[in-house]
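First the structure, in the form of structure tokens, and then the observations on it.
The values are calculated or read from the model by the stated rules, or taken from the named source; none is laboratory data. Remember, it's a predicted structure, so these values are computed and weren't measured experimentally. A quick note on method: Cβ atoms are made from the backbone with ideal geometry, for glycine too, and the neighbour counts reach across all protein chains shown. Surface areas here come from the heavy atoms of the whole protein model, side chains and all, with no ligands, DNA or RNA. Shrake-Rupley method; radii C 1.70, N 1.55, O 1.52, S 1.80 Å.
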Amino acid sequence: MDEKIRVVGTSDRAGWTGLVDPPGEMGTGGSEREVFTSGSFTTGLWEREPDTWSFERPYHEIALIIAGEADIEEPDGTVHTVRAGDVLVTPKGTKGTWRIREKIVKFYAIDDRREDG
């Protein structure tokens, strides 16, 4: 574990990698940067150009939207619009469709613990 205090900014492009085969109807790109990992807990930065795709979350994720705008539609038709300053909570097993209207940048925290019944 890295025991040094660090500041990681979205404008510092060191360490960012392109998304490999990102889902979507338009084939737009994106990138991400892992910032911190400890066991099953991971944080990072993620950005994505406008596109639309469906998802099923395999882990718990909390995300702070830093820039951009998108709609996340649940299977029952409920639409959640996220913008800069919003916190998006997507628990493990949730499903929906991302519709990014303006390039999204988010800080994410993922809990990928194995949950035994």
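A single member of E32, E69, E102 is under 30 Å from E3 (Cβ atoms) and charged (D, E, K, R), and it is E32. One residue stands out in the stretch 82-94 among those that are under 22 Å from V7 (Cβ atoms) and surrounded by fewer than 14 Cβ atoms within 10 Å (Cβ to Cβ): the one that is farthest from the chain's Cα centre (by Cα), namely G85. Would you confirm whether any residue within the stretch 45-57 is open to solvent by 70 Å² or more (accessible area, probe 1.4 Å), assigned to a loop (DSSP other than H, G, I, E, B) and not charged (D, E, K, R)? No - not one qualifying residue is present in the stretch 45-57.
Quick check on V79: is it more than 18 Å from D112 (Cβ to Cβ), touching a residue at least 24 places away in the same chain (Cβ under 8 Å), β-branched (V, I, T) and loosely packed, with under 15 Cβ neighbours inside 10 Å?
No, not satisfied.
Scanning the stretch 29-44 for residues that are in a strand (DSSP E or B), more than 10 Å from V105 (Cα to Cα) and open to solvent by 20 Å² or more (accessible area, probe 1.4 Å) yields R33, E34, V35, F36, T37, S38, F41, T42.
From the residues in the stretch 95-117 that are open to solvent by 30 Å² or more (accessible area, probe 1.4 Å), among the basic types (K, R) and in contact (Cβ under 8 Å) with a residue 60 or more places away in the chain, which one is farthest from G39 (Cα to Cα)? This residue is R114. Looking only at the stretch 6-28, residues that are open to solvent by 70 Å² or more (accessible area, probe 1.4 Å) and either in contact (Cβ under 8 Å) with a residue 40 or more places away in the chain or touching a Pro at 6+ places or on another chain (Cβ under 9 Å) (or both) come to 1 in all. Take I65 and tell me if it is without any contact (Cβ under 8 Å) to a residue 60 or more places away in the chain, surrounded by 15 or more Cβ atoms within 10 Å (Cβ to Cβ), among the β-branched types (V, I, T) and under 21 Å from V8 (Cα atoms). Criteria met by I65.
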